[in-house]
1. Rank these by accessible area, largest first, 1.4 Å probe: 62, 77, 5.
2. Using only the Cα atoms of segment 23-104, construct the convex hull and provide its projected area averaged over every direction, in square nanometres to one decimal.
3. Based on Cβ point charges of +1 for Lys and Arg and -1 for Asp and Glu, what charge dipole magnitude is obtained for the chain about its Cα centre, in debye rounded to the nearest 20?
4. As I understand it, the value is the acute angle between the Cα axis of helix 75-84 and the longest principal axis of the Cα atoms of the chain; what does it come to in degrees, rounded to 10?
5. What part of the accessible area of segment 22-81, given as a whole %, is carbon or sulfur when the probe is 1.4 angstrom?
6. For the residue pair residue 30 and residue 59, what label-to-label distance in nm results when each label sits 7 Å from Cα along the Cα-to-beta-carbon direction?
7. Can you tell me which of 6-18, 37-49, 64-76 comes out highest on packing, and rank the rest after it, using the mean Cβ neighbours within 10 Å?
8. Report the rotationally averaged projected area of segment 1-70 based on its alpha-carbon convex hull, in square nanometres.
Amino acid sequence: MPLVTREYDAARYLDSEEAIAAYVADATESGDAGELAHALGVVARAKGMSDLSRQTGLSRQTLYKALSGEGNPELGTIAKVADALGYRLSLVARTPTTPPEHIEGL
């Protein structure tokens, strides 16, 4: 009998608020907007994309596209999604030991 596998989907494992919070925190560490958008998309799928669509006023198609991690969603979209998921965006100063090379344009 052949081995049957399926693609890994992190949304299947985000089954508690603690797991979701840790996942989102980890995604923000890189400072990569695409990674954050993708993580919010995974959380949105775990919580229910239809509910998020109703809360944000954005269509499911728009949400899937914006939160794919491949696009370039507007900051307003990310902020609206984060708010609907119970998060807020904030900027935190890097520690002096964090090299700026990971920041685009520097």
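The values are calculated or read from the model by the stated rules, or taken from the named source; none is laboratory data. The structure presented is a predicted model; accordingly, all values stated were derived computationally and were not measured. No Cβ is skipped: glycine too gets one built from the backbone with ideal geometry, and neighbour counts run over all protein chains shown. The area values use the complete protein model at the heavy-atom level, side chains included, leaving out ligands, DNA and RNA. Shrake-Rupley method; radii C 1.70, N 1.55, O 1.52, S 1.80 Å.
1. Ranked list, largest accessible area first: 5, 62, 77.
2. 5.4 nm²
3. 440 debye
4. Here the helix axis deviates by roughly 60 degrees.
5. 48 percent
6. It works out to 2.9 nm between the two label points.
7. 37-49, 64-76, 6-18
8. Approximately 6.2 nm², given one-decimal rounding.
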